[in-house]
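First up is the structure itself, then whatever we jot down about it.
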Amino acid sequence: MRSTAFTWIASLSAALAFLGWSSVQQSVLAPIRADFSGGKLYTVAPGTRATLRAIGDPITLELVLNRELVQSFPRVRAHAARVQEVLRGYAALAGGKLRIEVLDPEPFSELEDGVQAAGVEPVDVGDEDPLHFGLIGRNSVGDELVIPYLAPERETMLEYDLTRLIAELDRPEKPELALITDLPGLRAEGEAASYLGREIRRAYDVSLVSPQFASLPMQADILMIAHPHALSEHQLYLIDQFLLRQGRLLVLLDPAARTARGIGFDGLQQARSASLGALGRAWGVSLGADAVADESLGLPVQVRDGEGRTSVERQPLFLAPTVTLTDRRDVITADLGRPVNWGAPGHWTIESRDGVTATPLVRTTTMAMLVPAELAARDLNPRQARQAGRPTAEALTLAVRLSGRFETAFTGAIPEPEAGDELLRELERLGAMASGERLSASAGRGELVLVADVDLLDDGFYVNAAEDVTVADNASFILNALDSLSGSDALVGLRSRAPSPRPMARIEALREAARDRLIAEQTALEAQLADAEASLQALRAKNASSSVFTGSLTADGTQEERAEIERVTIEIEDVRGRLRSIERAFRKDVEDVERAVRLINIWLMPVLVLLVGGGVWAWQRRPHSRRPDTASAIDRGGA
Amino acid sequence: MSGTHGLGEPGFMAGMVALYRRELDQSFRSPLAYVFIAVFLLALGTFTFEFGRWFETNSVDLAPFFAFHPWLYVVFMPAIAMRAWADETRSGTIELLFSLPVSLPAMVLAKFLALWTVAALALVLSLPMWVTAAWLGPADHAAIALGYVMSLMLAGSYIAIGMAASALTSAQVIAFVLASLVGFVLTAAGLPVVGRGIAEALGPSASELVARLSLLSQFEAAQRGVLELRAVVQCLAVTALFLALSGLWIARRRGG
């Protein structure tokens, strides 16, 4: 017999034991997990481990967080907990070289002023006080790097952001990148720069080369050429020498650079990148004159038909090659979890050269088509793109890496710089002499990455501006290429921890199939409609001109002509009706599937269960249904 | 009764298994279990497609499906657990139960496992959802399997809460309301309203702790495809606590 007191004391003890255990076990058991997430979100990448192990002088990371205020925002609070856990993990891996502190600034305190001055962003959350949730990193020489706000939306990039911050604090000098480009998004700095422009400047010390350059910064670690101005022979020579001397080059050219299109008469001309000329011949690469389209890789775009309806169709000129079409071993593409969005790219034809290995990085499927570049650079809708394309039945190469020893493209006399100021030319000639003797072959091992698209650099192809997150791996692809070229392989694997999207493929396939099946019919009907309407116009015009009275058809014309007009009018109504039913048919298959899925998942099991239950109930209510069993005997006795 | 070793108490396992079978048998004799499972599945399906708008996400990620499990458990698990003790008390079979040579822990465990089996059955019957996801596209099977495992763990916690409430009072309706309330609090512990209040009263550490205790937050990592030992242990701890309370309270009634 238990006394009431005992029960309540025991209950209280149990509750306290539970609370005690809960508060302890959260941290004790924290690291023990099995990570099945797509993108392995919770596992530390080898690149991070390498970076943390390599830390030279101690680094301090200060996490700034208003712990009380953040309780009101579950998503931010959950992210804050996650960030703290990740930082603790980092500290453990760095073995003492990394110190983590958490700062909780009171409103209007000195600490709050200090962190805001350092760059932590006070976020207005509708409360009287702002929310601080940022990170300040300091190294032993007084450098400071800040993440102003650790956005929960950027969670998949958290490891990249943190490890990159640590890597930059550990090695304060950024590699030097010489940039030759005509693209405003890459030339600009700060707010006007594109996402990639900003990311490149975060990671590299960028020297912007002027379009009329007569010399190149030969001490730069990498040369990046993206849709340059027309290059003179002398300029091509300088690039040739850079590759032979420094050996690191990234080239992006495009026969149909829609995003580089100018306005005005020769706007379309500007969409074609300058040619590589002699360089291409020496390297064994040439950029095809046409743009590439691939139906099976097309990105869905909104298409407005003439009558105010919008539908979603695949645009074959906007390609998103799946990861299976990329090289899985090359460090540039191996870790890209999401596709890269290409915009009317060109393609490379590669000839073998002794001493040079070519590795195609990204290819299309064999359903690729070639579309004349002048057309591709315009705003074609998917149907027009399809009609303009010539099938090739081979997989085309969109990006390729060449490595090895390259030969010079200029065996004769050194080309003269463009006509210009005599004094300038003399100075530049002296400068060129000072930078070293002319090379005829690579001094060391050369690495050259060629990308046949310039539109993929544009924010419109992969950035969700509203949330400042990327929806495809365009930036990662280019930054991976630069990191690989600059020798920083550790960071390459970190970029894309975003899990690959898992679309409802079957439903999309049904939409595609419906479209394929019906598009031919729709096009035929539309042509028929157009013809019918044209002939109606002609008939009306004919009648109008053959009589004194205009307008009223029924009053004029022979009986035959009237009958003809009526027939055509009926035909037009009929064709319109069939077109409408085709529009409905587009959606029908998908709606059928959705209805069936709903039926099975919402109704099937409950109905089955109720039927079984009903059966059991009926069985029990049969006469003679009592079974000699203690339990029911007890029930009968006790009821 | 089967399982006795002649004179004296039967083994813990034998007694528990026998009682477990009796409980399970009783559950499935009454139409209530079937109605419960049917309505639960109906609610789950409806919520996923209508409120979760699963088709509109155009993704075979089952997050919109799993998101509703904790909230449905808040109401449905007390519904099946409220009869655990209350019914026996009312119908007088409780004295008979206590006269059986089965220890109290075995009894509590047996009842709990029987109810958990019913919950597991309901979850199994929702598997068409998984099949549908796999049929529609490249579903993440590891994450879905994990979701089901954690959901089962969670169900156990809510059942234990229901059993404790049922042990506290012989009125089934009161037990149901009480259990739902406690379940709701433990689920909603992570929400801003609760969190802010605690932070102001007891400091941010207390608030962070309460948020992590929330049953909802245990589920969150699993929904992303990460099996965290602490989440599983936390669910087991909640279950253990309320089963212990359940045993203590029903023992008091036996004594009183």
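What follows is calculated from the coordinates using simple rules that are stated; it is not laboratory data. If you're wondering where the values come from, they're calculated on a predicted model, not measured in any experiment. Neighbour counts run over all protein chains shown; Cβ positions are idealised from the backbone, glycine included.
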For this session: Starting from the coordinates of the alpha-carbon atoms of chain B, obtain the Kirkwood hydrodynamic radius over all distinct pairs and give the value in Å to one decimal.
Result: 19.4 Å
Problem set entry | Length gained when the stretch A:Arg67-A:Thr357 is fully extended (0.36 nm per residue, less Cα-Cα span) | 98.9 nm
Exercise. Debye sum, Cα scatterers, the range A:336-420, no solvent: what log₁₀ I/I(0) at q = 0.15, 0.25 1/Å?
Worked result: -0.79, -1.26
Exercise. What is the dipole size for the range A:41-175, taken about its Cα centre, with +1 at each Lys and Arg Cβ and -1 at each Asp and Glu Cβ, in debye to the nearest 20?
Worked result: 980 debye
For this session: Could you work out the relative contact order of chain B, using alpha carbon pairs under 8 angstrom and six or more residues apart, expressed as a whole percent?
Result: 24 percent
Seminar exercise, completed: Note on the range A:123-282: alpha-carbon gyration tensor, axes a ≥ b ≥ c; rule is a/c under 1.5 for rounded, else prolate if a/b larger than b/c, else oblate; result oblate
For this session: Assuming a ≥ b ≥ c are the square roots of the Cα gyration tensor eigenvalues, decide whether the range A:56-174 counts as rounded (a/c under 1.5), prolate (otherwise, with a/b larger than b/c) or oblate.
Result: prolate
For this session: For A:Ile600, put the label point 7 Å out on the Cα→Cβ axis and report which residues of the range B:127-144 keep their amide N under 16 Å from it.
Result: B:127-139
Seminar exercise, completed: Residue span A:Asp468 to A:Arg621: 0.36 nm per residue of separation minus Cα-Cα distance leaves a gain in nm of 48.5 nm
Problem set entry | Spin-label model distance (nm) - A:Asp305 vs A:Arg576, 7 Å beyond Cα toward Cβ | 1.4 nm
Problem set entry | the range B:155-194: mean projected area of Cα convex hull, nm² | 2.8 nm²
Exercise. How much net charge surrounds A:Ile32 when only the other residues with a Cβ under 13 Å from the Cβ of A:Ile32 are counted, with Lys and Arg +1 and Asp and Glu -1?
Worked result: -1
Exercise. So what is Rg over Rh here for the range B:21-85, counting just Cα atoms and using Kirkwood for Rh?
Worked result: 1.11
For this session: Multiply the residue gap between A:Ala513 and A:Asp531 by 0.36 nm, knock off their C-alpha separation, and tell me the result in nm, one decimal place.
Result: 3.7 nm
Exercise. Among bridges DSSP assigns within the protein assembly as shown, what percent are antiparallel (round to 5)?
Worked result: 70 percent
For this session: Quick one: compute the contact order of chain A, relative version, from alpha carbon pairs under 8 angstrom and 6+ residues apart, as a percent.
Result: 13 percent
Problem set entry | Ranking of B:Ser246, A:Ser140, B:Ser103 by count of other Cβ atoms within 10 Å, fewest first | A:Ser140, B:Ser103, B:Ser246
For this session: Determine the shape class of the protein assembly as shown: with a ≥ b ≥ c the square roots of the Cα gyration tensor eigenvalues, call it rounded for a/c under 1.5, and otherwise prolate if a/b is greater than b/c, oblate otherwise.
Result: oblate
Exercise. At a Förster radius of 30 Å, what calculated FRET efficiency corresponds to the Cβ-Cβ distance of A:Asn381 and A:Ala538, to the nearest 0.05?
Worked result: 0.55
Seminar exercise, completed: Calculated from DSSP helices alone, with each H run of at least 4 adding -39500 (n - 2.57) and the total divided by the residues of chain B, [θ]222 nm to the nearest 500 comes to -25500 deg cm²/dmol
For this session: Report the FRET efficiency, 1/(1 + (r/R0)^6), for B:Arg29 and B:Ser99, where r is their Cβ-Cβ distance and R0 is 22 Å, rounded to 0.05.
Result: 0.45
Exercise. What's the local net charge at A:Arg198, with K and R +1, D and E -1, over the other residues with C-beta under 11 Å away?
Worked result: -3
For this session: Order these peptides, B:81-87, B:71-77, by their mean beta-carbon neighbour count within 10 angstrom, highest first.
Result: B:81-87, B:71-77
Exercise. Where in the range A:306-329 does the label zone of A:Arg587 land, with the point 7 angstrom along Cα→C-beta and an amide N cut-off under 19 Å?
Worked result: A:306-314
Exercise. Under unit Cβ charges (Lys, Arg +1; Asp, Glu -1), what dipole magnitude, rounded to 20 debye, does the range A:159-199 have relative to its Cα centre?
Worked result: 80 debye
Problem set entry | 10 Å Cβ neighbours from other chains, averaged over peptide B:242-249 | 4
Exercise. What size of dipole, in debye to the nearest 20, comes out for the protein assembly as shown about its Cα centre when the only charges are +1 on Lys and Arg C-beta atoms and -1 on Asp and Glu C-beta atoms?
Worked result: 4780 debye
Problem set entry | Ranked list, fewest to most other Cβ atoms within 10 Å of each Cβ, for A:Tyr462, B:Tyr148 | B:Tyr148, A:Tyr462
Problem set entry | the range A:113-180: translational diffusion in µm²/s, Stokes-Einstein, Kirkwood Rh over Cα pairs, 37 °C, 0.692 mPa s | 239 µm²/s
For this session: Just need the Rg to Rh number for the range A:1-90, please, alpha carbons only, Kirkwood Rh.
Result: 1.17
Exercise. Alpha carbon centre of the range A:180-244 versus the range A:284-328: separation in Å?
Worked result: 28 Å
Problem set entry | A:Ala188/A:Thr322 FRET efficiency (R0 56 Å; Cβ-Cβ; nearest 0.05) | 0.95
Exercise. If you rank A:Leu208, A:Leu131, A:Leu223 by fewest surrounding Cβ atoms within 10 Å, what's the result?
Worked result: A:Leu208, A:Leu131, A:Leu223
Exercise. Summing -39500 (n - 2.57) over the DSSP H runs of n ≥ 4 in chain A and dividing by its residue number, what mean residue ellipticity at 222 nm do you reach, to the nearest 500 deg cm²/dmol?
Worked result: -13000 deg cm²/dmol
Problem set entry | Peptides A:315-321, B:62-68, A:105-111, A:587-593 ordered by average Cβ neighbours within 10 Å, highest first | A:315-321, B:62-68, A:587-593, A:105-111
Seminar exercise, completed: Evaluated at 4 °C and 1.567 mPa s, the Stokes-Einstein D of the range A:138-226 based on the Kirkwood radius over Cα pairs, in µm²/s, stands at 88 µm²/s
